[in-house]
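Read through the structure below, which is laid out as structure tokens, and then see the notes.
The numbers here are math on the coordinates, done by the rules we state, and not lab data. In this text, all values refer to a predicted model and were calculated from it rather than measured experimentally. No Cβ is skipped: glycine too gets one built from the backbone with ideal geometry, and neighbour counts run over all protein chains shown.
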Amino acid sequence: MSVQELGARGSAPEETPAIQQTISEVRRRAPDVSGVMVATSDGLPLAHDLPPDNHLQTAAMAATAVGLSRRIVETFGHGGFEEAVVRGRDGYLVVYSAGPRAVLAVLASGEANLGLLHHVARRAASHISELLV
Amino acid sequence: MEVVTVKLLVAGPFAAGKTTLISAISDIPVVATEAEVSDETRATKLNTTVSMDYGKLTVADDDLHAELLMFGTPGQERFSFMWDVLSEGMDGYVLLTDLSRPETFAEARSILDHFRAMSDVPFVVAANRSSSHPEPLSALADALGLDQDGVVVPCEAVDRESAKEVVATMLLEVLSREEVMVE
């Protein structure tokens, strides 16, 4: 599956190819991942490899999950937000902070190794955060 | 004395003033979830709610003690799943509109239609920035497809007293239905 370009912001930012490469890297290194989304903190897609029919809602949901999680972490004085895991019986959605401007969301099946996923995705999120400074 | 807890939603288009309204009347610091706007709507405002706002207002007199729990929704349609999530168990909702931006009335209509299809709890339409834009409220009511019985309240969301009028109107609508849980 090819990495889709964003459409919602009109023109793609110059960092988009590097972000797409980071997304491919997550796919290559973490097994059982079914989709990766990098969205702006206000819920618009920047780059992803999801089917086009649900990428807008995924971007919005990723921003919602991160926005609420940030607020929860703040409320309890737990420092800066890093990630939130949403686990269902058959799969995960994990959202990571990728700096103040972006969020990284990874969809994975229930068989995914969460430790490995975190290892790969945290590095990717940190890389995206540097790209978007 | 009657003691009631009422869950109110504040819905409405992007930049209508939902977070402002809840902040103006909440007795507690508002739990807000804002992110920087990244698209062309940045020209309208810099920050936007991505998850929810939460505030609380106590209204009390000799006969009634009401705890109003106010939940603000994100405005953009891409967050409509949060409208459904937050409306769980609501007793009523305020549809906040910006009277100075008639171009947003169609969007307000589609939000109202979404909520009316989902729930038949009472609602109040609030027309923000009404003092600087004294257009007749009938144009707004028409755009929203409301007939005579639709309640439209003019307001200034930044003003505590004016914002309180809106939720007081909402509260009366809710109490008149007598569906609120009395503790």
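Exposure proxy ranking for B:99, B:86, based on other Cβ atoms within 10 angstrom of each Cβ and starting from the fewest, stands as B:86, B:99. Result for chain B in a Gaussian network model with C-alpha springs under 10 Å: among B:159, B:53, B:120, the largest mean-square fluctuation is at B:120. Cross-link partners for residue B:7 among the aspartates and glutamates, with Cα-Cα distance under 17 Å and sequence neighbours closer than 8 places in the same chain left out: B:27, B:53, B:67, B:84, B:88, B:91, B:120, B:165, B:173, B:178, B:179, B:183.
Inter-part distance, the range B:1-39 to the range B:123-176, computed on C-alpha centroids, equals 16 Å.
With neighbour counts taken as other beta-carbon atoms within 10 Å, the residues B:164, B:18, B:56 rank, fewest first, as B:56, B:164, B:18. Applying the Karplus relation 6.51 cos²θ - 1.76 cosθ + 1.60 with θ = phi - 60° to the range A:29-41 yields 3J(HN,Hα) values of 9, 10, x, 6, 8, 10, x, 10, 10, 10, 10, 6, 5 Hz, where x marks Gly and Pro.
The 3J(HN,Hα) values that the Karplus relation (6.51, -1.76, 1.60; θ = phi - 60°) gives for the range A:61-69 are, in residue order, 5, 4, 5, 5, 4, 5, x, 5, 5 Hz. Gly and Pro appear as x. Taking amide H positions as modeled 1.01 Å from N, with prolines and chain starts lacking one, the residues under 5 Å from residue A:34 and 5 or more places away or on another chain are A:107, A:108, A:109. Residues A:24, B:38, B:51, ranked from the fewest to the most other C-beta atoms within 10 Å, line up as A:24, B:38, B:51.
Classified by the C-alpha gyration tensor, the range B:2-176 has a rounded form. Its axis ratio a/c, with a ≥ b ≥ c, is below 1.5. How would the range A:4-131 be classified by its alpha-carbon gyration tensor: rounded, prolate or oblate, with rounded meaning a/c under 1.5 and the a/b versus b/c comparison settling the rest? Because its axes are fairly even, with a/c under 1.5, the range A:4-131 counts as rounded.
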